[in-house]
Amino acid sequence: MVRLLFCINVGIVIIYFINWLGILESRYWQADFTAFYTGLIIVRDNLGTSLFNFDLQSALQQNILEGKSFKDGLLPFVWPPHSFPVFIPLAWLSLKNAFLVFSFLQFIALIIIAYFTKKILQDYILEVIILSIVLLTSLFPIYYTFILGNHSLFILLSISGCYYSLKKGKDFYAGAWLALGTIKPQLILMPVVMLIVGKKWKAMGGFVLTVLPFMIMSTYMLGWKVWLEYLSVLREAAQYSNFMGFYPSAMYNLKGTLYSSIGSHRWDLIILMSTIGLLFGLIFTLLLWYKKFDTQSSDFELRFALTVLLGLFFSPHLYGHDFVLVFAALLFLIVYAGNNSGSLSLVKLFSVFPLLFFATEIVFKINVGIRFPTLMMIIMMVWISWKLFKDHRADARLEEEN
């Protein structure tokens, strides 16, 4: 069974790689990276004070694409201002070469995540380690994030580094790793809440001291008003439906499920329910960690996995590439199962997901109101919540008996 799952998932990885090579040759310009590259060009040309001016972005982007254009005339740059200092050297390369360099950086991030996975599972049997690493590379979000030139792998790296450092008692480094995720702040919102509620001030110190220099640098170069414009763009983009790259029907979160279930004509209701859902997720995360932050407790991995899943499901935007973060939740559950037959059974179950994702999301593109990955995420959240509730009741009864 282990060999069969290994061969199937390696085969999926090969298919993804071949398809990536084909797209690289002719359709690389259609990637999300083009939007990010547009922002880098604006900063390079000393136009950074107008970084979030969509008219300027549209003019420059069409010039970059030499007459080609995205639907609606623009795929906008909507990343936080402090994200450009690390990547600004890419602006002096052509779009294709910059995309290739960025893909190489993604590959390096993937290798480091695999390294963290091996270190986290270093005491586990070899089959669990091998299947977990192959699972990491064969999940469909990996394919999406490479094809689109997106930053989602860096977010997974930040979560992995944060978890590993917390388990090792290196709180400052945990916060520093989590700061890497601020390039997509909505995806690390729940883990940040986790650290604050858990009063991990050393970790928050590492978080702030890591991200602050980049914020100061970007503010110095772009002006302080760029942050107000960024917040305004976020608020505006949250209202977009099938416009400038924001497609709710392609999302894997609550918003996408509502959109597919009740239809676009109830858009105002969808926005309201998504906002309420985000607030619920924040409150749930707060209660999840209030006076319960102990990295050595038996349920720490359950709580961290649920925190990641809550952040994904209630995120304002969650596309296929961002779903790569679900690997962190799967890894934490494998760790929770322990170094025994339970963890091997669990990683075998998870190793079926790439094939199911490949069939439902890429081959047949099945969407019947709720996508299979979203359904899987909901089932995991319900199971973890029920498990934590049962453990809490058992502990309460034990205290009463004593």
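The values are calculated or read from the model by the stated rules, or taken from the named source; none is laboratory data. If you're wondering where the values come from, they're calculated on a predicted model, not measured in any experiment. Cβ atoms come from the backbone with ideal geometry, glycine included; neighbour counts cover every protein chain shown.
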Exactly one of 298, 241 is surrounded by fewer than 20 Cβ atoms within 10 Å (Cβ to Cβ), among the small types (Gly, Ala, Ser) and more than 26 Å from residue 333 (Cβ to Cβ), and that one is 241
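How many residues does segment 374-402 contain that are under 22 Å from residue 284 (Cα atoms) and either of a type outside the set (D, E, K, R) or under 22 Å from the mean Cα position of the chain (by Cα) (or both)?
Applying the first criterion (under 22 Å from residue 284 (Cα atoms)) to segment 374-402 yields 374-396.
Now narrow it down to the ones that are either of a type outside the set (D, E, K, R) or under 22 Å from the mean Cα position of the chain (by Cα) (or both): 374-386, 388-389, 392, 394, 396.
Residues flagged as under 22 Å from residue 284 (Cα atoms) and either of a type outside the set (D, E, K, R) or under 22 Å from the mean Cα position of the chain (by Cα) (or both) within segment 374-402 amount to 18.
Going by the structure shown, is residue 142 closer than 16 Å to residue 157 by Cα, part of a helix (DSSP H, G or I) and either touching a helix residue (DSSP H, G or I) at 6+ places or on another chain (Cβ under 9 Å) or of a type in the set (Val, Ile, Thr) (or both)?
On the way: closer than 16 Å to residue 157 by Cα: yes; part of a helix (DSSP H, G or I): yes; either touching a helix residue (DSSP H, G or I) at 6+ places or on another chain (Cβ under 9 Å) or of a type in the set (Val, Ile, Thr) (or both): yes.
Here the answer is yes, as residue 142 does meet what is asked.
When the residues of segment 167-186 are filtered to those that are among the hydrophobic types (A, V, I, L, M, F, W, C) and touching a Gly at 6+ places or on another chain (Cβ under 6 Å), which remaining residue is surrounded by the fewest Cβ atoms within 10 Å (Cβ to Cβ)?
Taking segment 167-186 first, the residues among the hydrophobic types (A, V, I, L, M, F, W, C) are 172, 174, 176-180, 183.
Checking which are touching a Gly at 6+ places or on another chain (Cβ under 6 Å) leaves us with 172, 176-177.
Details: 172: 17, 176: 22, 177: 25.
Here the answer is 172.
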task: Test residue 289 against the criterion of being hydrophobic (A, V, I, L, M, F, W, C) and more than 23 Å from the chain's Cα centre (by Cα), and give yes or no.
output: no
Restricted to segment 76-99 and to residues being aliphatic (A, V, I, L, M) and under 30 Å from residue 212 (Cβ atoms), the residue surrounded by the fewest Cβ atoms within 10 Å (Cβ to Cβ) is 86
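Out of all the residues in segment 307-349, which are hydroxyl-bearing (Ser, Thr, Tyr) and within 19 Å of residue 119 (Cα to Cα)?
336, 343
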Considering segment 320-365, residues that are modelled with pLDDT under 95 and part of a loop (DSSP other than H, G, I, E, B), and then whichever is farthest from the chain's Cα centre (by Cα), we arrive at 340
Determine if segment 298-311 includes at least one residue that is modelled with pLDDT under 95 and farther than 30 Å from residue 373 by Cβ. no
For segment 312-333, pairs from a residue that is touching a residue at least 12 places away in the same chain (Cβ under 8 Å) to a residue that is part of a helix (DSSP H, G or I) and among the hydroxyl-bearing types (Ser, Thr, Tyr), with Cβ under 6 Å and 6 or more apart or across chains, are 320/144; 321/144; 321/145; 321/152; 322/152; 324/145; 324/152
Output for Cβ contacts, cut-off 8 Å, separation at least six or different chains, first residue free of Cβ contacts under 8 Å to residues at least 60 places away in the same chain in segment 6-35, second surrounded by 14 or more Cβ atoms within 10 Å (Cβ to Cβ) and outside any helix (DSSP H, G or I), reads 30/70
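Provide a single number: the residues in segment 161-215 that are outside any helix (DSSP H, G or I), over 17 Å from the mean Cα position of the chain (by Cα) and within 21 Å of residue 112 (Cβ to Cβ). It would help to see each step written out before you state the result.
So the first thing to find is which residues in segment 161-215 are outside any helix (DSSP H, G or I), and the list is 168-170, 184, 188, 198-200.
When the remaining residues are screened for being over 17 Å from the mean Cα position of the chain (by Cα), the result is 168-170, 198-200.
Remaining after also requiring within 21 Å of residue 112 (Cβ to Cβ): 168-170.
Number satisfying all stated conditions: 3.
Can you pull out every residue in segment 332-350 that is over 17 Å from residue 381 (Cα atoms) and either of a type outside the set (Gly, Ala, Ser) or in contact with a strand residue (DSSP E or B) (Cβ under 9 Å, 6 or more places away or on another chain) (or both)? Please lay out each step first, then the result.
Filtering segment 332-350 for residues over 17 Å from residue 381 (Cα atoms) gives 338-345, 347-348.
Correct list: 339, 340, 344, 347, 348.
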